[in-house]
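Just so it is clear, none of the values below were taken in a lab; they were calculated from the coordinates. The structure displayed is predicted, hence computed values, not measured ones. Cβ coordinates were reconstructed from backbone atoms using ideal geometry, including for glycine residues, and neighbour counts include every protein chain displayed.
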Amino acid sequence: MNDSCPSCLARDIAPADTRTRGDRIVDGYQCPSCGHTWATVRDLTAYSELHARRAQRRTRKAA
Ligand SMILES: [Zn+2]
């Protein structure tokens, strides 16, 4: 998901790096105008979080 630079307010910057960390999506950006770097963390819904925890328990029991 594109974001705006918090430093120089350049718009529509595509993420340079996207990672999924558990129930979170971390997008890393580097501004092409000023070189500022930042990351945006997005949480998925509470329902998805509960669902993921249940799935983890199932996996542990199975293993
Ligand atoms: Zn910038």
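Lys and Arg at +1, Asp and Glu at -1: add these up for the other residues within a Cβ distance under 13 Å of residue 19 and post the number.
0
Give me the net charge for the shell around residue 3: Cβ to Cβ below 9 angstrom, other residues only, Lys and Arg +1, Asp and Glu -1.
Spelling it out: positives minus negatives among the neighbours equals -1.
Need one number: nm distance between label points at residue 44 and residue 4, each 7 Å from Cα along Cα→Cβ, rounded to one decimal.
My value for the distance between the label points is 2.9 nm.
Can you work out the Karplus-derived ³J(HN,Hα) for every residue in the range 15-20? Use 6.51 cos²θ - 1.76 cosθ + 1.60 with θ = phi - 60°, whole Hz, and x for glycine or proline.
Per-residue couplings from phi come out as x, 7, 8, 10, 10, 9 Hz.
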